[in-house]
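Report on one structure; see the data block that follows.
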Amino acid sequence: MLNSSHTCTACIYLLLLLLFTAGFASSFYTLRATLPYLKSSGSKPSSLIFFGSVSSFSQQEFVSKTTTVSEDEMKNDLTLQVYHLAHGLTLKFNRLKIAGYLIACEFILLIPFLILFFINVK
C-alpha cells in the first residue's frame, strides 16, 4: 500500500509534468504567433501593396506599375490586402490568446506544486 509521502511525491511529479507541458505549449503558441503572415491575394507577385510582391519587382518595374495602375485596381488591391492582413492578425491573436490561457494555467498549477513541494521538503 502506498503511504501519503509516495502519493505526495507522485502528485508533485504530475504537477511538474503538467507545468512543463503547459510551458512548452505556451512557448509553441507564442513562437507561432511571432512568425510573419506571408499570404497575399494571388499566386503571382501582382500586389503593389504586399511587401512580398513589392520586393519581387525591380525598382523600375515597381515605379512603372504604380504609375500605370488604375484607381479601381489600386482600390481592389488595397481591399484584398486589408482582408488578408485581418485574417493573419486574427490567427496571430488567437494563438496569443491560447498562449495566455496556458500561462494562466501554469500559474494556477504552480500554487499546489509549491505547497506540496514545501510540505515534503525535509
**Request:** Look through Leu116, Leu78, Leu109 and report the one residue that is at pLDDT below 90, out of contact with any Gly (no Cβ under 9 Å at 6 or more places or on another chain) and surrounded by 13 or more Cβ atoms within 10 Å (Cβ to Cβ).
**Result:** Leu116
**Message:** The conditions are (1) small (Gly, Ala, Ser); (2) farther than 27 Å from Ala10 by Cβ; (3) surrounded by fewer than 16 Cβ atoms within 10 Å (Cβ to Cβ); (4) in contact (Cβ under 8 Å) with a residue 24 or more places away in the chain, and Ser47 fails exactly one of them. Which is it?
**Reply:** (3)
**Flag if Gly100 is more than 30 Å from Ala10 (Cβ to Cβ) and surrounded by 12 or more Cβ atoms within 10 Å (Cβ to Cβ)** = no
**Request:** Kindly provide the set of residues from the range 58-86 that are under 13 Å from Ser47 (Cβ atoms) and of a type in the set (S, T, N, Q), ordered by number.
**Result:** Thr66, Asn76, Thr79, Gln81
**Request:** Would you check if Ala86 is exposed (fewer than 13 other Cβ atoms within 10 Å of the Cβ), among the small types (Gly, Ala, Ser), within 18 Å of the chain's Cα centre (by Cα) and at pLDDT 90 or above?
**Result:** yes
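Please work out which residue is modelled with the lowest pLDDT, limiting yourself to the range 9-63 and to residues that are under 30 Å from Leu116 (Cα atoms) and small (Gly, Ala, Ser).
So, considering only residues that are under 30 Å from Leu116 (Cα atoms) and small (Gly, Ala, Ser), the one modelled with the lowest pLDDT is Ala10.
The values are calculated or read from the model by the stated rules, or taken from the named source; none is laboratory data. As the structure is a prediction and not an experimental result, all values here were calculated from the model. Glycine also receives a Cβ, built like all others from the backbone with ideal geometry; neighbour counts cover every protein chain displayed.
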